[in-house]
Amino acid sequence: MSRLSVDNKHVFSELDDPERQDLIRRIVEQDPSLCEIPRGNFFFLWFANIEMLRKHASPRDDSDITSLNLLLRLPAPDIAGVWASTKTGPQSKPASRATQGTASASASVRSRSGSPSKGKIPVRQRSPLRKEIISPPLVPLPTSVPNTVAGPSRPVAVVSVLDTASCKSASLQRDSDMCVVTKMGQPTLQSAHILPSKLNRGEIKSEMWSTLKMFFGPEQVAALKSEILGNDNRVNAEYVSNFITLSVQVHQWWDRAMIAFRPVWMNEDKTVMDLAFHWLPLCDQTQKRSEDVSIFAHPYPTQRQGWFEGPSDRHRLWELENKQLVCSGFIFSITTTSAEKRPLPSWELMSLKWNLSRIAAMQGAAEEEDSDIDSDGDSVAVTSGSRSPVKEERTSKEYTPFRSPTRSRSISPVKEGRTSKENTPFRSPTRSRSISPVKEGRTSKENTPFRSPARSQSISPSKLRDLVLEDTEFSGFVE
């Protein structure tokens, strides 16, 4: 395979492939009910391995047809969302049951905005779909992995499971202390996991392997298993080939399936790898993963070639070495001087992540899932914060005072009995305090001076009446 200067494929190339179109048409002819399938399954089918599509288009018996049809009709667990690092998975470090109980108790008394709560605040639970993909670790961590992690493409260096810092250091040295995409240096660099760290030491369920095998083939799944699973059948995400050096911004966008990297070439010595950068669409929360879509309709008819400079004017990347804009199809290289000590990123993992990142970006959201994002361990997770039900109850529209441009305090429900709507003071643009019930008796409506935004002397009642609108009840205030 010759090297490319610009990628000759885009994020929707499979949808333009005549052979792939013909194979999917033959699959639908076997069962016309597959003309419409859930949106998430649509992308799994179109991005599937071409060999698997050939097999499904010419099934050996009815059992092969039944298996595929059942898989396509029902919304599958969000494998792409978890593996593309945009959804929550199990923590990389196992916690004792006592620790887990403490963490649960702590989480139950925090609001969505992250502030501690004084009362009982209902907390939305994680979607059960996420638990279907991987079992959380409940056993102690081993101190090391087998001497070799057999991969079909190249040998993998022996690295301790717990020695994450050594893996990051080796990958950073391999990548010459700069982001492989933008060539940006410290202090903005992060060692990003390809297989997300939240899967580390988890046990992947058989249903997920079956789904991957159905679309990407048994050979790719076997190669993937041999690379990431230890003797205890649990995931090992801490080895040099699972790391790639990225700037903070590139890492954040890759974690959220806003960009994707397609492996396009690697030399025989496994010392040079070329990858193609591609922009992905911004997630549209109005699109649902379980909604049925036509199997022959393009999901983005106005963007059939994908997104070139970015999905919006506010999403751009700049490559510093050649001083150019990073566009879809941009080829960047990763090199190493030692394929054993500092191996290149895993070809198998990069290929799988390329497909799953595209699926995660385009499949839509699940109805029962919240909008929390669990980013990779080296990233800063950004969650969407909405006012909790209890906070909404405390600050209702009826007894919320006028808020000035500067900081002011709202009236709590406890003080509602003392400060009714009729005698709630008007707040000036500067910070002020309301009149306490004791002072209310001393300050009547007729002789209460009006204070301007700046400190001033009191005025006579006659002038005050000229300033107040007709038939408007007014109670004075003091600074």
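The numbers here are math on the coordinates, done by the rules we state, and not lab data. Everything quoted here is computed from the prediction, not taken from an experiment. In this analysis, Cβ positions are derived from the backbone assuming ideal geometry, glycine residues included, and neighbour counts consider all displayed protein chains.
Quick rundown of the values:
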| item | result |
| --- | --- |
| Pairwise label distance in nanometres, ARG26 with GLN285, each label 7 Å out on the Cα-Cβ vector | 4.4 |
| Ranked TYR239, TYR300, criterion: other C-beta atoms within 10 Å, fewest first | TYR300, TYR239 |
| Sequence of LEU72, LEU229 once ranked by neighbouring C-beta atoms within 10 Å, starting from the fewest | LEU229, LEU72 |
| FRET efficiency estimate (nearest 0.05) - Cβ-Cβ, GLU51 to SER166, R0 30 angstrom | 0.20 |
| Cα-based shape type of the range 38-85, given that a ≥ b ≥ c are square roots of the gyration tensor eigenvalues and the cut on a/c is 1.5 | prolate |
| FRET efficiency, 1/(1 + (r/R0)^6) with R0 51 Å, evaluated for GLU340 and SER294 via beta carbons | 0.55 |
| Per-residue Cβ neighbour rank within 10 angstrom, fewest leading, ILE65, ILE194 | ILE65, ILE194 |
| GLU207 versus GLU36: modelled label distance in nm, points set 7 Å from Cα along the beta carbon direction | 2.5 |
